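Structure first, then comments.
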Protein chains: 2
Amino acid sequence: MAGGAMTPMLQAKTISPPVSSETPFTQGKYRVLALVFDDYETLDLHGPVEMLGHMPNTEIKLVAAKEIVRSYQGPRVVADCLTTNTYDCDLLVIPGGLGTRKLVSDSSLSQWLLAQVARSQHVFTICTGTALLAMTCVLNGRKATTNKMAFEWVRSLNANPQWQPKARWVLDGKFLTSSGVSAGTDAALFWVKHLHGEAEAKRIQTLTEYQWNDDPHNDPYAVG
Amino acid sequence: MAGGAMTPMLQAKTISPPVSSETPFTQGKYRVLALVFDDYETLDLHGPVEMLGHMPNTEIKLVAAKEIVRSYQGPRVVADCLTTNTYDCDLLVIPGGLGTRKLVSDSSLSQWLLAQVARSQHVFTICTGTALLAMTCVLNGRKATTNKMAFEWVRSLNANPQWQPKARWVLDGKFLTSSGVSAGTDAALFWVKHLHGEAEAKRIQTLTEYQWNDDPHNDPYAVG
């Protein structure tokens, strides 16, 4: 690892995902599972929930270490399932926020994430949610981005991803990573377009009266 | 009332607000009280929560008819207090969403809203949340706006407000009303600017990597 970065706490090969037959999802739905934790950043989660939630035949469930979780802004959400298990899903969503500052040192969360990523068709991080994912090493060697205000902090945790200082979002393999807070909403509409085409993305954009930055290279908060 | 609109169910003069000494707020905070109900639209609520929640010395609480409320997109929030009382607050936030289609006929909610508005220094509606407020008649004669896709429906409920077909948001007296879904996030940053000045709004804009439409007359979804 280069540049004096700390050693990530987990190596991918050390963990085997637990097997569970439980699911919070209805059969046949596009399954979006979003991780929440105390002091998650409100819009990191709810911007993507807004856009993804208008996709056809989609179900969104929250997963957390406890039943009730408080956002950094105050309002609380209810988890639909717990991190005592992992779950098959189509899209794992990982928001950021001040809560990640502590959680990047939480080895049980990293272990859960690594196992959960293995059961997720795709993974979508927003803001410093990318830091949580980077601690599992699954982003090593891949292009990824994160909050531009916290960019150096995230890079200091794991220098091995190909960190992109100018990108509203980046898709590399199964991993969609986005820049700070609001960028997640733009990236979510990109994901709608990726799955369902531009007309569906535009339908949801219009429905929500959203002013979509649909160009991942148009990053007004680029750094470095 | 003009144009065949239905009669709003309440006249402002018929209701006296109940008095309660209970408060969900910490003394000395800027008190934001946000109404939630089943099938509220996620971003209507959480976009403003994101921006207002970064204001200095601010506390945001949710109020609902029951303890746990489900958004249209699925995830659930926990109410901090119930509509069995009204509460002194600085800003009452009323989101919209498909849940309003039923609630505009709920006379107990309209009675609560009218009493709650009387205890709120300002009132901020997003999207079809404006329809709920319009049913109490407090917007009669005032400039107001709402979701542009649902504009005719809202106008048909009460034709007496001066409905603005081209406005991202409108401030008239104590009432800030905004257009559909995402417009609420822009209007919330306007409210930050209104209370704390442009530098504070820009600070929060940057922190959230937001691309703020800061011109209320720039309404890409204008109708009529």
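The values are calculated or read from the model by the stated rules, or taken from the named source; none is laboratory data. Worth saying up front: this structure is predicted, and the values here are computed from it rather than measured. Neighbour counts are summed over all protein chains in view; Cβ atoms, including those assigned to glycine, are modelled from backbone coordinates with ideal geometry. Accessible surface is based on the protein model in full, side chains and every heavy atom, while ligands, DNA and RNA are left aside. Shrake-Rupley method; radii C 1.70, N 1.55, O 1.52, S 1.80 Å.
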Over all directions, segment B:71-173 yields a Cα convex hull whose mean projected area in nm² is 6.7 nm²
Excluding residues fewer than 8 positions from B:Lys29 in its own chain, the aspartates and glutamates with Cα under 20 Å of it are A:Asp39, B:Glu50, B:Glu59, B:Asp80, B:Asp88, B:Asp90, B:Glu200
Out of A:Pro161, A:Pro75, A:Pro24, a Gaussian network model of chain A with alpha-carbon springs under 10 Å gives the largest mean-square fluctuation to A:Pro75
Dividing the mean separation of Cα pairs under 8 Å (6+ apart) by the residue count of segment A:85-210 yields a relative contact order in percent of 22 percent
Scattering profile of segment B:19-69 from the Debye formula, Cα beads only, expressed as log10 I(q)/I(0) at q = 0.31, 0.32 Å⁻¹, is -1.22, -1.25
In whole Å, largest first, the alpha carbons of segment B:148-224 cover along the principal axes 40, 25, 16
With a 1.4 Å probe and ligands and nucleic acids left out, the total accessible area lost when A pairs with B, in Å² to the nearest 100, equals 3400 Å²
Computed over the Cα atoms of the protein assembly as shown, the Rg and Dmax in Å are 21.8, 72
With the charge dipole of chain B built from beta-carbon charges (+1 for Lys and Arg, -1 for Asp and Glu) about the Cα centre, the Cα from B:Gly184, B:Pro24, B:Thr83 projecting farthest to the positive end belongs to B:Thr83
Long-range alpha-carbon pairs in segment B:26-207, meaning those over 19 Å apart, account in percent for 53 percent
At the level of C-alpha centres, the distance separating segment A:49-119 and segment B:158-224, in angstrom, is 31 Å
In whole percent, the fraction of accessible protein surface over chain B that belongs to carbon or sulfur atoms, probe radius 1.4 Å, stands at 48 percent
Buried by partner chains in segment A:207-222 (accessible area down by at least 30 Å² vs chain alone, 1.4 Å probe, heavy atoms, protein only) are A:Leu207, A:Thr208, A:Glu209, A:Tyr210, A:Gln211, A:Tyr221
Listed by chain and number, the residues whose amide H is under 5 Å from that of A:Asp172, excluding neighbours fewer than 5 places away on the same chain and using placed H, are A:Thr177
Looking only at aspartates and glutamates whose Cα falls under 14 Å of A:Lys166's and that sit 8 or more positions away or on another chain, we get A:Glu152, A:Asp215, A:Asp219, B:Glu209
Taking every DSSP bridge whose two residues both lie in chain B, the antiparallel percent to the nearest 5 is 25 percent
